[in-house]
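Worksheet: the structure to be examined is printed underneath.
The values are calculated or read from the model by the stated rules, or taken from the named source; none is laboratory data. Not measured: the values here are computed from a predicted model. Neighbour counts run over all protein chains shown; Cβ positions are idealised from the backbone, glycine included. Areas reflect the complete protein model, heavy atoms only, side chains present, ligands, DNA and RNA absent. Shrake-Rupley method; radii C 1.70, N 1.55, O 1.52, S 1.80 Å.
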Amino acid sequence: MVYFIGAGPGDVDLITVKGRSILEKADVVIYAGSLVSNKHLDFCKDGCKFYNSASMTLDEVIDAIKESKNSLVVRLHTGDPSIYGAIKEQMDELEKLGINYEVIPGVSSFTAAASVIKKEFTLPSVSQTVILTRVEGRTPVPEKEDLEKLASIGASMALFLSVSMIDKVVEKLKKGYKRGDVPVAVVFRATWNDESYILGTLDDIAQKVKEAGITKCAQILVGDFIDCDYEKSLLYDKSFSHMFRKGEE
């Protein structure tokens with residue numbers, strides 16, 4: 001049995017209880033060593049075999065799983081494995097081999113980044129939509145999902161894998177939002193011991209990022225949700241009725 005487990009964004013305690021429980025029973029752990037804290041391995045039992053997938057190819061990962069017959073195998077991914085986790089191709093190979101697997105979700109870096117700056121992506125009268133995306137680099141992006149087109153919606157955004165191309169990101173976002181004063185937060189290594197963040201706008205964030213020397217391991221959060229006036233939610237309004245509470249006159 002193979003378990004794809006989201007290890008969370010950094011803090012070793014942000015793995016789920018279910019994920020930690022399975023990890024403690026694992027016979028083999030294949031972990032993304034470039035992004036996943038090796039402190040997770042401290043919870044594994046004696047005799048557990050480890051593979052660092054940072055230097056492995058897809059074929060090598062699958063071979064390691066095939067060699068672990070009759071074992072409980074954990075494939076430990078950063079954040080939540082369903083977002084930029086490249087798990088689809090691994091699952092397809094396991095299905096060809098008739099190997100059972102399960103996916104255990106995790107805390108994504110985009111929600112961790114929002115927690116660092118203490119903001120909420122969805123605010124009444126501001127934005128009720130969150131777009132998770134990236135700018136094209138070595139990995140292309142479908143033309144209909146170009147960053148400029150997505151930004152034109154005006155929704156809250158979280159950009160993965162893009163901080164190294166901050167000038168390109170800003171250029172496209174400015175064209176999409178059609179303004180330069182849109183608030184931006186760049187969150188470096190959210191929930192790790194050395195986390196930090198920079199606040200700015202599309203007009204000045206690129207320069208601030210360069211001055212801070214941030215070139216990787218950062219989320220770019222964009223939208224008015226970062227700094228704006230908003231309407232309070234009806235959920236807790238005393239005059240609002242719903243199935244669990246009758247509103248006051």
Tally, over segment 1-18, of residues that are part of a loop (DSSP other than H, G, I, E, B) and open to solvent by 50 Å² or more (accessible area, probe 1.4 Å): 2
Within segment 86-115, can you find the residues that are of a type in the set (Gly, Ala, Ser) and either closer than 18 Å to Val12 by Cβ or under 9 Å from the mean Cα position of the chain (by Cα) (or both)? Gly106, Ser108, Ser109, Ala112, Ala113, Ser115
Within segment 32-84, residues buried (at least 20 other Cβ atoms within 10 Å of the Cβ) and closer than 18 Å to Thr191 by Cβ come out as Val36, Ser37, His40, Leu76, His77, Thr78, Gly79, Asp80, Pro81
When segment 157-177 is examined, which residues are found to be outside any loop (DSSP other than H, G, I, E, B) and open to solvent by less than 20 Å² (accessible area, probe 1.4 Å)? Met157, Ala158, Leu159, Val163, Ile166, Val169, Val170, Leu173, Gly176
Could you tell me whether segment 102-110 includes any residue that is over 20 Å from Thr16 (Cβ atoms) and open to solvent by 50 Å² or more (accessible area, probe 1.4 Å)? no
Go through segment 183-212 and report how many residues are in contact (Cβ under 8 Å) with a residue 40 or more places away in the chain, surrounded by fewer than 14 Cβ atoms within 10 Å (Cβ to Cβ) and acidic (Asp, Glu). 0
Considering Gly154, Gly180, which residue is touching a Lys or Arg at 6+ places or on another chain (Cβ under 6 Å) and either in a loop (DSSP other than H, G, I, E, B) or free of Cβ contacts under 8 Å to residues at least 40 places away in the same chain (or both)? Gly180
Is there any pair with a first residue in segment 125-142 that is within 19 Å of Asp229 (Cβ to Cβ) and a second that is assigned to a loop (DSSP other than H, G, I, E, B) and open to solvent by 70 Å² or more (accessible area, probe 1.4 Å) whose Cβ atoms are under 8 Å apart and which are 6 or more apart or on different chains, and what are they? Ser125/Tyr230; Ser125/Glu231; Val126/Tyr230; Thr129/Ile153
With the requirement that a residue be open to solvent by less than 30 Å² (accessible area, probe 1.4 Å) and either under 19 Å from the mean Cα position of the chain (by Cα) or closer than 14 Å to Tyr84 by Cα (or both), what does segment 116-143 give you? Val116, Ile117, Phe121, Ile131, Thr133, Val135
What pairs come out if I take residues in segment 39-63 that are within 15 Å of Asp27 (Cβ to Cβ) and pair them with residues that are open to solvent by 60 Å² or more (accessible area, probe 1.4 Å) and in a helix (DSSP H, G or I) whose C-beta lies under 6 Å away, six or more apart or interchain? Phe43/Glu24
